[in-house]
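A quick write-up on the structure given underneath.
The values are calculated or read from the model by the stated rules, or taken from the named source; none is laboratory data. Bear in mind that the values here come from a model prediction, so they are computed numbers and not experimental data. Glycine also receives a Cβ, built like all others from the backbone with ideal geometry; neighbour counts cover every protein chain displayed.
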Amino acid sequence: MSGFEELRRLPGLAILAGLMAAHFAYPAQATAQVAPQPPAQTPAQTAAQSPAQTPAQTPTQVPAQAQDRTPAPAPGAISPAASGPAAQAAPAAPAHQPTPEQLGDSLYVHQHYQQAIAAYSKVTEMTPSLWNKMGIAYQMMFNMKDATRCYNASLKLDPRNADVLNNLATVYDSLKDYGTAERYYRKALKIDPKSALVLRNLGSNQLAQHKNKKGWADYQAALAIDPQIFDSNTGASIQNPTNVQERGALHYYMAKSCVSAGQRECAIDNLRMALNEGYTNAKKIAEDNSFVSLRDVPAFQQLIAAQSTH
(Lines give C-alpha, C1' and ligand atoms only; values in the text may rest on other atoms or scores of the structure.)
Protein backbone atom coordinates (compact mmCIF):
# COMPACT_ATOMS: atom_id res chain seq x y z
CA MET A 1 0.00 0.00 0.00
CA SER A 2 4.85 8.17 8.26
CA GLY A 3 3.80 5.73 10.96
CA PHE A 4 2.90 3.19 8.30
CA GLU A 5 6.43 2.10 7.43
CA GLU A 6 5.77 -1.63 7.29
CA LEU A 7 2.67 -1.23 5.15
CA ARG A 8 4.40 1.23 2.86
CA ARG A 9 6.83 -1.48 1.82
CA LEU A 10 4.12 -2.81 -0.45
CA PRO A 11 3.42 -0.22 -3.11
CA GLY A 12 0.73 -2.06 -4.89
CA LEU A 13 -0.89 -5.33 -5.49
CA ALA A 14 1.36 -8.04 -6.64
CA ILE A 15 0.09 -10.81 -8.84
CA LEU A 16 1.66 -14.07 -9.78
CA ALA A 17 -0.07 -15.49 -12.75
CA GLY A 18 -3.28 -17.04 -11.52
CA LEU A 19 -2.27 -17.29 -7.91
CA MET A 20 -3.31 -13.84 -7.03
CA ALA A 21 -1.33 -12.96 -4.08
CA ALA A 22 -1.89 -9.38 -3.77
CA HIS A 23 0.58 -7.11 -2.01
CA PHE A 24 -1.29 -4.10 -0.91
CA ALA A 25 0.68 -1.07 -0.08
CA TYR A 26 -0.74 1.87 1.64
CA PRO A 27 0.23 5.21 0.16
CA ALA A 28 3.28 6.90 1.57
CA GLN A 29 1.15 9.72 2.90
CA ALA A 30 -0.80 7.45 5.22
CA THR A 31 -0.12 8.36 8.81
CA ALA A 32 -2.15 5.95 10.90
CA GLN A 33 -0.23 3.54 13.04
CA VAL A 34 -1.86 0.24 12.60
CA ALA A 35 -1.51 -3.47 12.20
CA PRO A 36 -2.08 -6.30 9.16
CA GLN A 37 -3.30 -8.05 5.73
CA PRO A 38 -3.00 -8.44 3.04
CA PRO A 39 -4.66 -7.65 3.57
CA ALA A 40 -5.71 -11.15 2.85
CA GLN A 41 -5.25 -10.86 -0.68
CA THR A 42 -2.56 -8.32 -3.37
CA PRO A 43 -5.86 -6.49 -6.00
CA ALA A 44 -5.02 -10.20 -5.45
CA GLN A 45 -3.37 -10.71 -2.33
CA THR A 46 -2.44 -14.04 -0.65
CA ALA A 47 -1.05 -17.03 -2.30
CA ALA A 48 -0.81 -20.35 -0.64
CA GLN A 49 2.58 -22.00 -0.71
CA SER A 50 3.46 -20.28 -3.90
CA PRO A 51 4.89 -16.99 -4.91
CA ALA A 52 2.37 -14.47 -3.97
CA GLN A 53 1.28 -12.00 -6.41
CA THR A 54 -0.44 -9.77 -4.07
CA PRO A 55 -3.26 -6.99 -6.00
CA ALA A 56 -1.10 -4.11 -5.04
CA GLN A 57 -3.06 -5.13 -2.88
CA THR A 58 -1.98 -6.32 0.40
CA PRO A 59 -0.46 -5.24 3.58
CA THR A 60 2.11 -7.51 5.12
CA GLN A 61 4.06 -7.18 8.27
CA VAL A 62 2.02 -5.95 11.14
CA PRO A 63 2.77 -2.51 12.49
CA ALA A 64 1.73 -1.50 15.95
CA GLN A 65 -2.03 -1.29 16.30
CA ALA A 66 -3.60 2.13 16.60
CA GLN A 67 -5.04 2.63 20.03
CA ASP A 68 -6.24 5.30 22.43
CA ARG A 69 -3.37 6.63 24.42
CA THR A 70 -3.34 8.90 27.45
CA PRO A 71 -0.58 11.52 27.29
CA ALA A 72 2.12 11.27 29.94
CA PRO A 73 1.82 13.82 32.78
CA ALA A 74 3.54 17.10 32.05
CA PRO A 75 6.63 17.92 34.14
CA GLY A 76 5.51 18.79 37.63
CA ALA A 77 1.98 17.47 37.12
CA ILE A 78 0.48 15.12 39.67
CA SER A 79 0.17 11.55 38.44
CA PRO A 80 -3.41 10.21 38.28
CA ALA A 81 -2.17 7.32 40.40
CA ALA A 82 -1.12 9.63 43.20
CA SER A 83 -3.21 9.66 46.32
CA GLY A 84 -4.59 12.55 48.29
CA PRO A 85 -6.82 15.52 47.62
CA ALA A 86 -4.50 17.00 45.03
CA ALA A 87 -4.71 13.87 42.96
CA GLN A 88 -8.48 13.79 43.18
CA ALA A 89 -8.68 17.35 41.99
CA ALA A 90 -6.49 16.77 38.95
CA PRO A 91 -8.59 16.53 35.75
CA ALA A 92 -8.34 13.33 33.73
CA ALA A 93 -6.24 13.61 30.58
CA PRO A 94 -8.39 13.44 27.42
CA ALA A 95 -8.12 10.19 25.47
CA HIS A 96 -6.87 10.39 21.89
CA GLN A 97 -9.65 9.76 19.36
CA PRO A 98 -8.47 8.23 16.08
CA THR A 99 -9.64 9.82 12.86
CA PRO A 100 -11.97 7.79 10.59
CA GLU A 101 -9.00 7.11 8.30
CA GLN A 102 -6.81 5.89 11.17
CA LEU A 103 -9.64 3.69 12.40
CA GLY A 104 -10.12 2.31 8.89
CA ASP A 105 -6.40 1.56 8.58
CA SER A 106 -6.42 -0.35 11.86
CA LEU A 107 -9.50 -2.34 10.87
CA TYR A 108 -7.98 -3.09 7.49
CA VAL A 109 -4.75 -4.53 8.83
CA HIS A 110 -6.84 -6.77 11.07
CA GLN A 111 -8.68 -7.93 7.95
CA HIS A 112 -12.00 -6.36 8.97
CA TYR A 113 -12.48 -5.03 5.48
CA GLN A 114 -16.18 -4.21 5.56
CA GLN A 115 -15.76 -2.21 8.76
CA ALA A 116 -12.70 -0.50 7.30
CA ILE A 117 -14.71 0.61 4.28
CA ALA A 118 -17.43 1.97 6.57
CA ALA A 119 -14.81 3.94 8.51
CA TYR A 120 -13.20 5.34 5.35
CA SER A 121 -16.63 6.37 4.08
CA LYS A 122 -16.98 8.72 7.04
CA VAL A 123 -14.09 10.89 5.89
CA THR A 124 -15.57 14.18 4.73
CA GLU A 125 -13.16 14.78 1.85
CA MET A 126 -12.13 11.74 -0.16
CA THR A 127 -8.55 11.75 -1.43
CA PRO A 128 -6.82 9.57 -4.05
CA SER A 129 -5.18 7.67 -1.19
CA LEU A 130 -8.51 6.94 0.51
CA TRP A 131 -10.14 5.75 -2.71
CA ASN A 132 -7.17 3.43 -3.25
CA LYS A 133 -7.46 2.02 0.28
CA MET A 134 -11.16 1.39 -0.21
CA GLY A 135 -10.42 -0.31 -3.52
CA ILE A 136 -7.93 -2.62 -1.84
CA ALA A 137 -10.42 -3.48 0.92
CA TYR A 138 -13.09 -4.33 -1.66
CA GLN A 139 -10.60 -6.43 -3.63
CA MET A 140 -9.68 -8.31 -0.50
CA MET A 141 -13.34 -9.30 -0.31
CA PHE A 142 -13.28 -10.35 -3.99
CA ASN A 143 -15.68 -7.51 -4.83
CA MET A 144 -13.98 -6.56 -8.09
CA LYS A 145 -16.79 -4.28 -9.27
CA ASP A 146 -16.49 -1.89 -6.33
CA ALA A 147 -12.70 -2.26 -6.26
CA THR A 148 -12.59 -1.08 -9.88
CA ARG A 149 -14.94 1.80 -9.08
CA CYS A 150 -12.72 2.99 -6.23
CA TYR A 151 -9.47 2.66 -8.18
CA ASN A 152 -10.97 4.64 -11.05
CA ALA A 153 -12.14 7.33 -8.61
CA SER A 154 -8.58 7.54 -7.27
CA LEU A 155 -7.13 7.81 -10.77
CA LYS A 156 -9.61 10.52 -11.68
CA LEU A 157 -8.08 12.66 -8.94
CA ASP A 158 -4.50 11.50 -9.54
CA PRO A 159 -4.09 9.95 -13.02
CA ARG A 160 -0.33 9.40 -12.66
CA ASN A 161 -0.31 7.16 -9.60
CA ALA A 162 1.62 4.03 -10.57
CA ASP A 163 0.50 2.10 -7.48
CA VAL A 164 -3.19 2.57 -8.26
CA LEU A 165 -2.66 1.69 -11.92
CA ASN A 166 -0.92 -1.48 -10.75
CA ASN A 167 -3.77 -2.29 -8.38
CA LEU A 168 -6.36 -1.80 -11.08
CA ALA A 169 -4.34 -4.06 -13.38
CA THR A 170 -4.45 -6.83 -10.79
CA VAL A 171 -8.24 -6.65 -10.83
CA TYR A 172 -8.26 -7.34 -14.57
CA ASP A 173 -5.71 -10.11 -14.09
CA SER A 174 -8.00 -11.74 -11.53
CA LEU A 175 -10.82 -11.55 -14.08
CA LYS A 176 -8.49 -13.15 -16.67
CA ASP A 177 -8.72 -10.03 -18.84
CA TYR A 178 -4.97 -10.21 -19.35
CA GLY A 179 -4.81 -7.78 -22.25
CA THR A 180 -6.42 -4.94 -20.28
CA ALA A 181 -4.28 -5.77 -17.24
CA GLU A 182 -1.12 -5.61 -19.34
CA ARG A 183 -2.05 -2.14 -20.63
CA TYR A 184 -2.42 -0.82 -17.09
CA TYR A 185 0.87 -2.40 -15.98
CA ARG A 186 2.63 -0.71 -18.88
CA LYS A 187 1.01 2.63 -18.02
CA ALA A 188 2.31 2.22 -14.47
CA LEU A 189 5.81 1.45 -15.74
CA LYS A 190 5.86 4.59 -17.88
CA ILE A 191 5.38 6.53 -14.66
CA ASP A 192 7.61 4.37 -12.46
CA PRO A 193 9.92 2.26 -14.68
CA LYS A 194 11.89 1.06 -11.66
CA SER A 195 8.96 -0.54 -9.83
CA ALA A 196 9.99 -4.12 -9.06
CA LEU A 197 6.44 -4.92 -8.01
CA VAL A 198 4.88 -3.81 -11.29
CA LEU A 199 7.55 -5.66 -13.26
CA ARG A 200 6.88 -8.78 -11.22
CA ASN A 201 3.15 -8.53 -11.84
CA LEU A 202 3.70 -7.87 -15.53
CA GLY A 203 5.91 -10.95 -15.71
CA SER A 204 3.16 -13.08 -14.19
CA ASN A 205 0.70 -11.52 -16.60
CA GLN A 206 2.93 -12.45 -19.54
CA LEU A 207 3.23 -16.05 -18.34
CA ALA A 208 -0.55 -16.23 -18.06
CA GLN A 209 -0.66 -15.25 -21.75
CA HIS A 210 1.91 -17.98 -22.55
CA LYS A 211 4.54 -15.34 -23.36
CA ASN A 212 7.11 -17.22 -21.30
CA LYS A 213 10.28 -15.54 -22.55
CA LYS A 214 8.83 -12.06 -22.01
CA GLY A 215 7.57 -13.03 -18.59
CA TRP A 216 10.96 -14.35 -17.59
CA ALA A 217 12.60 -11.14 -18.84
CA ASP A 218 10.23 -9.09 -16.67
CA TYR A 219 11.01 -11.29 -13.66
CA GLN A 220 14.74 -10.78 -14.19
CA ALA A 221 14.24 -7.02 -14.46
CA ALA A 222 12.27 -7.05 -11.21
CA LEU A 223 14.97 -9.07 -9.44
CA ALA A 224 17.68 -6.70 -10.65
CA ILE A 225 15.86 -3.87 -8.88
CA ASP A 226 14.78 -5.79 -5.77
CA PRO A 227 16.39 -9.21 -5.13
CA GLN A 228 13.71 -9.93 -2.50
CA ILE A 229 10.72 -9.19 -4.72
CA PHE A 230 9.73 -12.86 -4.87
CA ASP A 231 10.03 -13.38 -1.14
CA SER A 232 6.61 -14.84 -0.22
CA ASN A 233 6.94 -13.34 3.27
CA THR A 234 6.84 -9.77 2.02
CA GLY A 235 3.11 -9.58 1.88
CA ALA A 236 -0.24 -11.24 1.93
CA SER A 237 -1.89 -12.77 -1.03
CA ILE A 238 -5.16 -14.25 -2.13
CA GLN A 239 -5.70 -17.42 -3.96
CA ASN A 240 -7.20 -17.22 -7.39
CA PRO A 241 -6.28 -20.56 -8.95
CA THR A 242 -5.61 -20.59 -12.63
CA ASN A 243 -4.89 -23.36 -15.10
CA VAL A 244 -2.55 -25.98 -13.61
CA GLN A 245 -0.23 -25.73 -16.60
CA GLU A 246 0.00 -21.95 -16.17
CA ARG A 247 0.82 -22.32 -12.48
CA GLY A 248 3.52 -24.84 -13.29
CA ALA A 249 5.08 -22.54 -15.88
CA LEU A 250 4.96 -19.66 -13.46
CA HIS A 251 6.90 -21.61 -10.82
CA TYR A 252 9.38 -22.99 -13.34
CA TYR A 253 10.30 -19.55 -14.67
CA MET A 254 10.33 -18.12 -11.19
CA ALA A 255 12.87 -20.79 -10.30
CA LYS A 256 15.02 -19.67 -13.23
CA SER A 257 14.76 -16.06 -12.06
CA CYS A 258 15.60 -16.97 -8.48
CA VAL A 259 18.66 -19.00 -9.42
CA SER A 260 19.93 -16.17 -11.63
CA ALA A 261 19.67 -13.89 -8.59
CA GLY A 262 21.60 -16.34 -6.43
CA GLN A 263 18.52 -17.30 -4.39
CA ARG A 264 18.96 -21.06 -4.27
CA GLU A 265 16.29 -21.83 -1.69
CA CYS A 266 13.73 -19.79 -3.64
CA ALA A 267 14.70 -21.63 -6.84
CA ILE A 268 14.38 -25.08 -5.28
CA ASP A 269 11.03 -24.25 -3.67
CA ASN A 270 9.63 -23.13 -7.02
CA LEU A 271 11.03 -26.15 -8.83
CA ARG A 272 9.27 -28.35 -6.30
CA MET A 273 5.97 -26.57 -6.98
CA ALA A 274 6.50 -26.79 -10.75
CA LEU A 275 7.01 -30.53 -10.33
CA ASN A 276 3.92 -30.81 -8.15
CA GLU A 277 1.88 -29.10 -10.87
CA GLY A 278 3.17 -31.61 -13.40
CA TYR A 279 4.68 -28.90 -15.58
CA THR A 280 8.14 -30.46 -15.70
CA ASN A 281 10.05 -33.56 -14.59
CA ALA A 282 13.32 -34.42 -12.87
CA LYS A 283 15.09 -35.28 -16.15
CA LYS A 284 14.22 -31.96 -17.76
CA ILE A 285 15.34 -30.02 -14.70
CA ALA A 286 18.61 -31.95 -14.41
CA GLU A 287 19.39 -31.23 -18.06
CA ASP A 288 18.46 -27.54 -17.93
CA ASN A 289 21.71 -25.54 -17.78
CA SER A 290 19.85 -22.76 -16.00
CA PHE A 291 20.11 -24.86 -12.85
CA VAL A 292 23.73 -25.94 -13.17
CA SER A 293 24.69 -23.93 -10.07
CA LEU A 294 22.26 -26.03 -8.01
CA ARG A 295 23.69 -29.41 -8.89
CA ASP A 296 25.97 -29.53 -5.85
CA VAL A 297 23.25 -28.35 -3.45
CA PRO A 298 22.00 -31.25 -1.25
CA ALA A 299 18.40 -30.02 -1.28
CA PHE A 300 18.42 -29.95 -5.10
CA GLN A 301 19.98 -33.40 -5.28
CA GLN A 302 17.34 -34.76 -2.91
CA LEU A 303 14.56 -33.15 -4.98
CA ILE A 304 15.80 -34.74 -8.21
CA ALA A 305 16.44 -38.10 -6.56
CA ALA A 306 12.97 -38.18 -5.01
CA GLN A 307 11.32 -37.39 -8.34
CA SER A 308 13.46 -39.87 -10.25
CA THR A 309 12.15 -42.73 -8.10
CA HIS A 310 8.51 -41.96 -8.98
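Given the condition touching a Phe, Trp or Tyr at 6+ places or on another chain (Cβ under 9 Å) and over 23 Å from K133 (Cα atoms), answer yes or no: does some residue in region 181-198 qualify? Within region 181-198, not a single residue is touching a Phe, Trp or Tyr at 6+ places or on another chain (Cβ under 9 Å) and over 23 Å from K133 (Cα atoms). The residue of region 249-276 that is modelled with the highest pLDDT, among those that are over 22 Å from the mean Cα position of the chain (by Cα) and of a type in the set (S, T, N, Q), is N276.
Matching residues to (1) within 24 Å of E101 (Cα to Cα); (2) within 18 Å of the chain's Cα centre (by Cα); (3) surrounded by fewer than 23 Cβ atoms within 10 Å (Cβ to Cβ):
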{"position": "K145", "(1), (2), (3)": "yes, no, yes"}
{"position": "Y151", "(1), (2), (3)": "yes, yes, no"}
{"position": "K156", "(1), (2), (3)": "yes, no, yes"}
{"position": "D173", "(1), (2), (3)": "no, yes, no"}
{"position": "R200", "(1), (2), (3)": "no, yes, no"}
{"position": "Q206", "(1), (2), (3)": "no, no, no"}
{"position": "N212", "(1), (2), (3)": "no, no, yes"}
{"position": "W216", "(1), (2), (3)": "no, no, yes"}
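Within region 109-124, if we keep just the residues that are outside any loop (DSSP other than H, G, I, E, B) and either among the small types (G, A, S) or not assigned by TED's automatic domain parsing to the domain that holds G135 (or both), the residue that is surrounded by the most Cβ atoms within 10 Å (Cβ to Cβ) turns out to be A116. Taking region 265-310 as the range and being in a loop (DSSP other than H, G, I, E, B) and more than 20 Å from P227 (Cβ to Cβ) as the test, the residues that pass are E277, G278, Y279, T280, N281, D288, R295, D296, T309, H310. The single residue among G135, G215, G179 that is part of a helix (DSSP H, G or I), touching a Cys at 6+ places or on another chain (Cβ under 8 Å) and not assigned by TED's automatic domain parsing to the domain that holds Y252 turns out to be G135.
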